[in-house]
There are 2 protein chains.
Amino acid sequence: MQDNLITPTPSAYTYPLLVKQLLSNSQHLYGEQQITYRGELRYSYRTFRQRIGRLASALASLGVRHGSTVAVMDWDSHRYLESYFGIPMMGATLFTVNVRLSAQQILYTLNDAGAEVVLVHADFLPLLEEIQTELQCVRQVVVIEDGQGTPQTSLPVAGEYEALLSAASPDFAFADFDEHTRAATFYTTGTTGDPKGVSYSHRDIVLHTLTTTMALSAQRDGQRLHREDVYMPITPMFHVLAWGMPYIAVTLGLKIVMPGRYAPDLLLKLHDTERVTFSHCVPTLLQMLLQASEGGMHDLSGWKIIIGGSALSPALCEAALARGIDVFAGYGMSETGPVVALAQLPPGYKPANLQEEVRMRCATGRPVPMVDLRIVDDQLHDLPHDGKAQGEIVLRAPFLTKGYFKKPTASEELWAGGYLHTQDVAVMGRDGFVQIVDRIKDVIKTGGEWVSSIEVERLIAEVPGVLESAVIGVPDAKWGERPMAFIVSKAGSRLKAETIRERLLAHVEGKRISKYAVPELDRIAFVAEIPKTSVGKIDKKVLRGRTA
Amino acid sequence: MQDNLITPTPSAYTYPLLVKQLLSNSQHLYGEQQITYRGELRYSYRTFRQRIGRLASALASLGVRHGSTVAVMDWDSHRYLESYFGIPMMGATLFTVNVRLSAQQILYTLNDAGAEVVLVHADFLPLLEEIQTELQCVRQVVVIEDGQGTPQTSLPVAGEYEALLSAASPDFAFADFDEHTRAATFYTTGTTGDPKGVSYSHRDIVLHTLTTTMALSAQRDGQRLHREDVYMPITPMFHVLAWGMPYIAVTLGLKIVMPGRYAPDLLLKLHDTERVTFSHCVPTLLQMLLQASEGGMHDLSGWKIIIGGSALSPALCEAALARGIDVFAGYGMSETGPVVALAQLPPGYKPANLQEEVRMRCATGRPVPMVDLRIVDDQLHDLPHDGKAQGEIVLRAPFLTKGYFKKPTASEELWAGGYLHTQDVAVMGRDGFVQIVDRIKDVIKTGGEWVSSIEVERLIAEVPGVLESAVIGVPDAKWGERPMAFIVSKAGSRLKAETIRERLLAHVEGKRISKYAVPELDRIAFVAEIPKTSVGKIDKKVLRGRTA
């Protein structure tokens, strides 16, 4: 058997898939296109490309080399966007620090990742000073002033970001290297144990960019992305590379609006003045935007917003649609690139009514090209695509993480059997539409039945007066587990547990849930707020702790 | 210095970029989508996928293995589409035979490529019989009957295509292998020497699919491709993998119409009945379609057609636009994947008038994402992007051929200095728009000036009564070379050389060409037809032979 490999002629360029290649022609084609920071600062792609060179030159002068790790602690700024390119393009690793973690967790991740240099916004200097004595690898700190003037600090400051860039050459020679080189690292805060480092290679980032763009743009009706869009991220840049969208925006040469620290009023103002058309965020942020825009001062129609991080509820979806927002769900995890599915209608399909449209926009979605998404039992056997059979979503795709940083056991669990295990339980319809019904660990096992906590939350959300809810399984001597609901009611509502229970029992008759799914009255609790993780997901671990 | 490579956990799937991955989710998402052969035969993507498995099983039973080469000689059929997937997915090489070459050239290519098995349409059996005794590697032949019944032949027939597929299992286990494995080979007929074998790897095909789709679909106005399109190739499947478009169509799950042997009336009928919206062809074929559709029986509006192979003339472009065809140029070569640029308007740009629109649609175009397209002098230095400086187009892209099959010298020439040399001379504007002015070898060097033969052809085409023209340089004792024009006039026109010369001289005053570019009267010849290569390009080699 021949291997049948193509042997390049010696002079052929073998073109590694590197982050720098995403810029191959944007300078020529979109040199004059704009990037703005909060509408206050504005420069062209041509300048952007030069600043990437300056950043690399400046970092090199601080000793950053191929293989170094450079951490970034900043709001969503043009500087963050520059670091998305400049740091990986040097062959160094961009470490996007989750600034919402506790100081001790940030310390753990900085030491675990081996960060040598930190680019840090003045706002986060106190946080860094707090853990300064315990930092094991950080040699130098670059301070981002952002208009506050030079702060006093005990940290080893190498200079101020803008001052260093001004003094550095734009003509950094970005070398070629292996496309499997680590480009970016961040930490995922699981429900147990230390945060786990997730890394993506240059190849991963490039392939995620290409496949996601294909999925978003190759629709006629419901085309979600095109070259005339104006992009503003509303998912933090430290969160799974802002879902990979900044790389897409730059590759397409879109006008980019970096909003800095998120404040609903500013986000809405930027939307209006910069004519933003494409964003992505978690449901909580969409809710905040809708609330802040009440009164009708803002025309939100035509704004395309991908919702991820947690499920898009039909109620929120309907409220957004009523404002003209083209809202739809995306699916992925920290470990999956992240985008592996999008809630896009099948080509040519027209929903029968608003209810069906809402259902489809809130669905987990259809897999993007080249993603092999399977719904399997615990033996990795495929389950029928009948919209009923529940199994775990397992994945193969050209951009998934290949394991956790220095965590061999967790890495092997993630990839058991050669498929990435999402721990999401879902059904798939004949049309390839996937709907998650729960997380494996959140499924409530009661009386021999599996009850989806998410399904119960969804039905509770339909009850008038409910703002938010979370359902978990609590131990029960007789049934093994029983569902327990935590509910935040809207201001002024006089919601009672009886009402919730009655409404759920009505759905038992309508066969939308089993009778085992309805919590007893004393397992329906009204609370002031639902605990959330640093990225805005419901923290069921905390809720379980409260009931233990 | 660390290498900073990501080491996958042992169980991780490292996802090679293989042709089979383009089918990752099309079975689930588009299982019911249709593929039709001439409107006579029709089956679903689900059946398509099964037939790919059957084809591989059948070929395996004939001894085809990883590394084997399987040749195909067929019209543009569903069988050809099956072979685009089934053969490479086995790890074998798909060899698409140019059936328009002479029997001796076909013999050369079959022997050079080492084809072991040939899938051959009954129409091409006589051609193969003619060279039978000289075939060095062909063990077996699979006959494609296509309704003619079983022909008698002296060739070693292993069976009939449909019969073999019926008897074979759809459940072929397509293994993973290195993404640099040769997937497809074909021969390019240069102007000198033997045909040269061009190969593409699985990786090349996948990356070409992703980047070209991104370029075609991510436009708002002028979106050229989306999931509701109906695709019909009108570039032969043997010609640079039909410009890679069949792979794109299958990945997007489009309805596909395979037209068989090209006949303008049938193509127009299929366009109408199957509601074709997306095609690609050479200018000559577009001209034939326009002629065959005269009389207004066919509504061609909304048909998106990419023109490649040779330049789209403004006259033809205007004629197509007048019929409502969304016609535009694409740029590439056999060696380049092929698509490296598309004549798409910059986002948001509205042409000032029809003339400008035509000019932009006929341009060489703007590079697609990840394509590094440079205009350089002979020292590989960049020339200004001023729309004036003429230099060679050189390329880097993730899907270019890495050299010619068993031709080390030609391969090194192709890749001299680490860039693929197109031998096309072009200018680039500030907006990244590229316009080819000539082939390096077709540039006419006269009196110390370089004259673009294509520019002269374009101006001649504007003269009423001209159907087609070709301009070459002929030796001249005083000037080195002088331009000579060969012209085909329209039926019934009484065009004279004087008229041509007068019109060209008028353009000298208008500064569109230099006076050196105008041929003398005795170098303007009227001919019955312009010689063409097997793929429909003007064959200047033949014309030079005539004047030598």
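The values are calculated or read from the model by the stated rules, or taken from the named source; none is laboratory data. The shown structure was predicted, so the numbers you read here are calculated from the model rather than taken from an experiment. Quick reminder, even Gly has a Cβ in these numbers, built from the backbone with ideal geometry, and neighbours come from all protein chains shown. The accessibility values were calculated without ligands, DNA or RNA, using every heavy atom of the protein model including side chains. Shrake-Rupley method; radii C 1.70, N 1.55, O 1.52, S 1.80 Å.
Interface B-A: total buried accessible area of about 7000 Å², 1.4 Å probe, protein heavy atoms only. Of all beta bridges that DSSP places with both ends in chain A, some 60 percent have antiparallel geometry.
Listed by chain and number, the lysines placed with their C-alpha closer than 18 angstrom to that of A:Lys407 are A:Lys196; residues fewer than eight positions away on the same chain are left out. At q = 0.11, 0.16, 0.20, 0.21 Å⁻¹, what is the base-10 log of I(q)/I(0) for the range A:128-262 according to the Debye formula with one equal point scatterer per Cα and no solvent? Please give it to two decimals. Here the Debye-derived log intensity ratios amount to -0.63, -1.24, -1.41, -1.40. What share of Cα pairs, in percent, lie more than 23 angstrom apart in the range A:388-502? I get 48 percent for the Cα pairs in the range A:388-502 exceeding 23 Å. Per the 1.4 Å probe, what fraction of the accessible area of the protein assembly as shown, in percent, lies on carbon and sulfur atoms? Heavy-atom surface of the protein assembly as shown belonging to carbon and sulfur, 1.4 Å probe: 50 percent. Is the shape of the range A:1-104 rounded, prolate or oblate, going by the alpha carbon gyration tensor and its root eigenvalues a ≥ b ≥ c, with a/c under 1.5 for rounded and a/b larger than b/c for prolate? Because a/c hits 1.5 or more and a/b fails to exceed b/c, the range A:1-104 counts as oblate. Dividing the Cα radius of gyration by the Kirkwood radius, what Rg/Rh value follows for the range B:19-199? On the Cα set of the range B:19-199, Rg over Rh gives 0.96. Comparing the full protein assembly with the isolated chain (1.4 Å probe, heavy atoms, ligands and nucleic acids excluded), the residues of the range A:381-418 losing at least 40 square angstrom of accessible area are A:Arg396, A:Lys402, A:Glu412, A:Trp415.
How much of the calculated P(r) for the range A:444-547 lies past 23 Å, in percent of all Cα pairs? Roughly 22 percent, once rounded to a whole number.
Antiparallel versus total DSSP beta bridges in the protein assembly as shown: what percent is that, nearest 5? Beta bridges within the protein assembly as shown, antiparallel portion: roughly 60 percent.
With label points defined 7 Å past Cα in the direction of Cβ, position B:Lys406 shows copy-to-copy spacings of 5.5 nm, given to one decimal and shortest first. Normalising the average separation of contacting C-alpha pairs (under 8 angstrom, six or more residues apart) by the number of residues puts the relative contact order of the range B:327-482 at 17 percent. Taking max minus min of the alpha-carbon positions on each principal axis, the range B:344-423 gives extents of 49, 24, 19 Å, largest first. Charging the Cβ of each Asp and Glu at -1 and of each Lys and Arg at +1, and nothing else, the dipole of chain A about its Cα centre rounds to 520 debye.
Packing around the peptides A:495-505, B:59-69, taken as the average count of other Cβ atoms within 10 Å per residue, puts them in this order, highest first: B:59-69, A:495-505. Can you tell me which aspartates and glutamates have their Cα less than 17 Å from the Cα of B:Lys406? Leave out same-chain residues fewer than eight positions away. Within the straight-line limit of under 17 Å, B:Lys406 reaches these aspartates and glutamates: A:Asp3, B:Asp112, B:Asp194, B:Glu335. For chain B, the relative contact order is 10 percent, taking Cα pairs closer than 8 Å that sit 6 or more residues apart in sequence and dividing their mean separation by the residue count. Ranked by the mean number of other Cβ atoms within 10 Å of their residues, highest first, the peptides B:230-240, A:280-290 come out as B:230-240, A:280-290. The residues of the range A:213-240 listed by number as losing at least 40 Å² of accessible area in the complex, against the isolated chain and with a 1.4 Å probe, are A:Met214, A:Ala218, A:Arg220, A:Gln223, A:His226, A:Arg227, A:Glu228. Relative contact order for the range A:91-203: 28 percent, from Cα pairs under 8 Å spaced at least 6 residues apart, divided by residue count. Taking all C-alpha pairs of the range B:398-451, those more than 15 Å from each other amount to 63 percent.
A 1.4 Å probe run over the protein chains yields, for the range A:139-217, 36 Å² of accessible area per residue, whole-number rounding. By the Stokes-Einstein formula, at 1.002 mPa s and 20 °C, chain B with its Kirkwood radius over alpha-carbon pairs has D equal to 87 µm²/s. In the range A:19-199, the DSSP beta bridges split such that about 30 percent are antiparallel, to the nearest 5.
About the centre of its Cα atoms, the protein assembly as shown shows a dipole size close to 760 debye [charges on the beta carbon of Lys, Arg (+1) and Asp, Glu (-1) only; nearest 20 debye]. Separation of the alpha carbons by more than 27 angstrom is noted, of A:Lys304/A:Lys532; A:Lys20/A:Lys269; B:Lys441/B:Lys515; A:Lys445/A:Lys540, for A:Lys20/A:Lys269. Shape annotation for the protein assembly as shown: C-alpha extents along the principal axes are 100, 70, 55 Å, from largest to smallest. Annotation: per residue accessible area for the range B:460-548 equals 55 Å², rounded to a whole number [probe 1.4 Å, protein chains only].
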